[in-house]
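This report refers to the structure that appears directly beneath it.
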Amino acid sequence: MFLVLACSAIAAPCEKPEKRRAWHTLSNPEKLEYLNAELCLMKKPATLGLPGAKTRFDELQAIHALQAFATHFVGAFLPFHRLMMHTHETALRNECGYTGYQPYWHEQKDAGKFTSSEILDATYGFGGDGAPGSGCITNGPFANYTNSLGPGYEITNHCINRRINNFASSGSAQAQVDNCLKMTTFATAWPCIEGRPHSGGHGGIGGQMQNGVSSPGDPLFYLHHTWLDKIFWDWQAKDRQKRVSSIGGTNIGPESSPGFPQRPSNIPKPTGAAGDPGTTTTLTHVLNMYGNSPNKTIADVLDIQGGFLCYEYVEP
Ligand SMILES: *[C@@H]1O[C@H](CO)[C@@H](O)[C@H](O)[C@H]1NC(C)=O
Ligand SMILES: *[C@@H]1O[C@H](CO)[C@@H](O)[C@H](O)[C@H]1NC(C)=O
């Protein structure tokens, strides 16, 4: 009896990891539940007072738009997006009654041929390509959503637009994933993941998704970045003990980059980050969720079964 009690007291903090599954393996009712929860966030009024955001969906987008240059081309790229996915998943569950977990888009399956992906289904998916000219999506559950943030740093009302590019989507191929999984250090794995396959999903969908600042205006963003999070975790799991504390790289983002609109003067110049003693990304680096969920440090999120996070990726 005492032994049993002692064991349960020191048991791992994550005993029943939540299951994140590939979109194409969900049943139609499961897909609809997810899509409806996203629509619910799009209908809920904003509560945080972030510039331009009208809905809860926009407020989650703002996490990305307000610090695009502090979270890309820096060591925090993967941990930041990991926490952002968790924040989105938590909003779906706590604010919109979603009972599943954040699904991912198994992009290898569709690489080089995004136009025929079932994730773009008009009934059980995210709707298809943008119309010629306007680029606005014309079918699917999100066809009439008005993005208030973007493109880029602008605050303007506009449709969700796409310009699907099958050639660009080949960046999501299995060979590109395997290439990154082979990397032996964080310093080489992170830029590999941030290059291709990251650009495969953004460039393959195009339009809003291709905008380095406002891309979470397209709800496909969350399925793409959850897939990248799985790749990061698959890489970490190859040498888990070491890689759940491996971090590094600069914490000063560049001033500009292709795909990223020029930073306007009201967005602070990236100059290192809270929690780091210098210009290198460390475990105590603070990931800023702009009030959508509590800030966390990189140390809090490097292990997806470390206690604060408790999930696993189900293979497709
Ligand atoms: C979008 O608006 C059009 C035109 O009003 C309507 O036919 C369509 O059903 C709407 N789609 C959604 C998903 O609300
Ligand atoms: C989150 O972090 C940012 C930057 O480090 C900081 O300015 C902000 O006050 C923090 N927010 C909360 C709620 O602690």
Item checked: Summed side-chain charge close to GLY49 - residues other than GLY49 whose Cβ falls under 15 Å, Lys, Arg +1, Asp, Glu -1 -> +1
Margin query: Can you tally the net charge around GLU255? Count Lys and Arg as +1, Asp and Glu as -1, for every other residue whose Cβ sits under 12 Å from the Cβ of GLU255.
Written below: +2
Next item on the list: Kindly work out what percent of the DSSP beta bridges joining two residues of region 18-313 are antiparallel, to the nearest 5.
Entry: 60
Next item on the list: With a 10 Å radius around each residue's Cβ, average the other Cβ atoms per peptide and rank 307-313, 151-157, 261-267, 123-129, highest first.
Entry: 123-129, 307-313, 151-157, 261-267
Note to self: Name the residue from GLY128, HIS86, SER27 whose Cα lies farthest towards the positive end of the charge dipole of the chain, charges +1 on Cβ of Lys and Arg and -1 on Cβ of Asp and Glu.
What the structure shows: HIS86
Item checked: Percent RCO, i.e. relative contact order, over the chain, from Cα pairs under 8 Å lying at least 6 residues apart -> 24
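What 222 nm value per residue comes from the helices of the chain, counting each DSSP H run with n ≥ 4 as -39,500 (n - 2.57) and dividing by all residues, nearest 500 deg cm²/dmol? Provide the component values of the computation, followed by the final result.
Working: 12 runs with 114 residues, N = 316.
Taking each H run of at least 4 residues, the total per residue is -10500 deg cm²/dmol.
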Check: How many angstrom separate the Cα center of region 63-118 from the Cα center of region 267-316?
Finding: 14
Next item on the list: Assuming a ≥ b ≥ c are the square roots of the Cα gyration tensor eigenvalues, decide whether region 16-79 counts as rounded (a/c under 1.5), prolate (otherwise, with a/b larger than b/c) or oblate.
Entry: oblate
Item checked: Given charges at beta-carbon only (K, R positive; D, E negative), |dipole| of the chain in Debye -> 180
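Classify region 22-138: rounded, prolate or oblate, from the alpha-carbon gyration tensor (a ≥ b ≥ c, eigenvalue square roots; a/c under 1.5 rounded; otherwise prolate if a/b is larger than b/c)?
Rounded is the answer for region 22-138, as its axis ratio a/c remains below 1.5.
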Note to self: For LYS109, give me every one of the aspartates and glutamates with a C-alpha distance below 13 angstrom, ignoring sequence neighbours fewer than eight places off in its own chain.
What the structure shows: GLU118, GLU315
Check: Under the classification rounded if a/c is under 1.5, otherwise prolate if a/b is larger than b/c and oblate if not, where does the chain fall, given a ≥ b ≥ c as square roots of the Cα gyration tensor eigenvalues?
Finding: rounded
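Read-outs throughout are calculated quantities, based only on the coordinates presented, and are distinct from any laboratory measurement. All figures in this text were calculated on a predicted structure; none of them were measured in a lab. Please note: Cβ atoms are built from the backbone with ideal geometry, for glycine as well, and neighbour counts cover all protein chains shown.
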